[in-house]
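Notes for the one structure printed next.
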Amino acid sequence: MTEPLRIVFAGTPEFAALNTSRPCWPAPMKSSRSTPSRIGRPGRGQKLMPSPVKQLALENGLQVLQPPTLRDAQAQAELAALKPDLMVVVAYGLILPQVVLDIPRLGCINSHASLLPRWRGAAPIQRAVQAGDAESGVTVMRMEAGLDTGPMLLKVSTPISAEDTGGSLHDRLALIGPPAVVQAIAGLAAGTLEGEVQDDSLATYAHKLNKDEARIDWSRPAIELERLVRAFNPWPICHSTLNGEALKVLAASCAEGQGAPGEILGASKDGLVVACGEQALCLTRLQLPGGKALNFSDLYNSRREKFAVGTLLGQVADAS
């Protein structure tokens, strides 16, 4: 009987642990050919809550290590003491030093949420939606010291629909990733899986998201803003101002209309139509200060006076 693989899993956030119906990582661990351990990053902040992956590991009775860094000699020694055959990395958040990459007998593999070499980096899911890509997917690659630069072992793809948000695409990739990891593990164990070198000339970098870039610039074309609204839902959420107060935009669609950028062109139960640099944007789900996110039809019924035609969104409040 073939000895089971000793697999170390490294991951921290929700993408590495949970999706709508099942854990992202125990699939390969449930194989008869695997014996798992798990590495995660310590929690942050004053209230120390276990990360999603740690919670899942504890529920399944798996060994958990939480070194603050894998560049520390003691942490490297603890990892080496596990004598892993393979390390599987999903959304771990740290670049592994070469000494760590060299510890597992079969190396380290990473499940990355894009079709490499497109969208290397921190926010590949949201950047694919923002750019209007026709598809996304998961690439299982052999890890190198560079950022998402290693040879590609396996790819699975999914189309990006006109309704997809950063959240919906995230959840779908979390579903299709685990079977790809299982298939890659089997291929590596059998010695039948060869890596394909990435074409660096085709690489794009997925910059980390920040709240500042979620501020809506109404001078941009409506089609760009519509994609931005979808990409940044559920975080960091696109936002503007209305009469000097914060206004969060959770859903929108392109519309016909012309006016000064940010000018309200019309309001009805169908949405709030706002002029952009090119065409207009129909805002269909909004959140006002102190309230919850609502479809615009509900806001229109109760707060119609706030959305007068000619009002400019994105204006700084008058200090006088």
- If you check PRO221 against the conditions, is it under 30 Å from LEU286 (Cβ atoms) and more than 15 Å from the chain's Cα centre (by Cα)? yes
- Sole residue being in contact with a Gly (Cβ under 6 Å, 6 or more places away or on another chain) and among the hydrophobic types (A, V, I, L, M, F, W, C), chosen from CYS238, CYS282, CYS254: CYS282
- Item | Contacts under 8 angstrom Cβ, first residue in the range 212-231 being at positive phi and β-branched (Val, Ile, Thr), partner buried (at least 23 other Cβ atoms within 10 Å of the Cβ) and not in a helix (DSSP H, G or I), 6 or more apart | none
- Please determine, by comparing only the residues of the range 217-240 that are out of contact with any Lys or Arg (no Cβ under 7 Å at 6 or more places or on another chain) and of a type in the set (Val, Ile, Thr), which one is nearest to ALA123 (Cα to Cα). VAL229
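Filter the range 268-310 down to the residues that are under 17 Å from ASP217 (Cα atoms) and in contact with a helix residue (DSSP H, G or I) (Cβ under 7 Å, 6 or more places away or on another chain) and list them by number.
Listed by number, the residues that qualify are LEU272, CYS276, GLU278, GLN279, ALA280, LEU281, LEU283, LEU286.
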- Task: Please work out if ALA260 is in contact (Cβ under 8 Å) with a residue 24 or more places away in the chain and in a loop (DSSP other than H, G, I, E, B).
- Result: yes
- With respect to VAL273, determine if the residue is of a type outside the set (D, E, K, R), within 16 Å of PHE307 (Cβ to Cβ) and not assigned by TED's automatic domain parsing to the domain that holds VAL129. yes
- Sole miss for GLY290 among (1) modelled with pLDDT of 95 or more; (2) on the phi > 0 side of the Ramachandran plot is condition (1)
- Among the strands (runs of 3 or more DSSP E) lying completely within the range 89-191, list those that include at least 3 residues that are assigned by TED's automatic domain parsing to the domain that holds ALA73 and of a type in the set (A, V, I, L, M). 135-142, 152-159
- Among LEU272, LEU247, LEU286, LEU281, which is the only one that is assigned to a strand (DSSP E or B), more than 26 Å from the chain's Cα centre (by Cα) and aliphatic (A, V, I, L, M)? LEU272
- Query: What about SER253, is it outside the structural domain of GLY132 (by TED's automatic domain parsing), of a type in the set (S, T, N, Q) and touching a strand residue (DSSP E or B) at 6+ places or on another chain (Cβ under 7 Å)?
  - Reply: yes
- Scan the range 160-199 for residues that are among the charged types (D, E, K, R) and over 22 Å from the mean Cα position of the chain (by Cα) and jot them down. GLU194, GLU196, ASP199
- Item | Enumeration of residues in the range 60-88 that are at pLDDT 85 or above, surrounded by fewer than 17 Cβ atoms within 10 Å (Cβ to Cβ) and assigned to a loop (DSSP other than H, G, I, E, B) | ARG71, ASP72, LYS83
- Message: Can you tell me how many residues within the range 269-299 are in contact (Cβ under 8 Å) with a residue 12 or more places away in the chain, more than 23 Å from GLU224 (Cα to Cα) and of a type in the set (Gly, Ala, Ser)?
- Response: 1
- Message: When you check ARG105 against the structure, is it closer than 28 Å to GLN76 by Cβ and of a type outside the set (Ser, Thr, Tyr), yes or no?
- Response: yes
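The values are calculated or read from the model by the stated rules, or taken from the named source; none is laboratory data. All figures in this text were calculated on a predicted structure; none of them were measured in a lab. Reconstructed Cβ throughout: ideal geometry from the backbone, glycine too, with neighbour counts over all protein chains shown.
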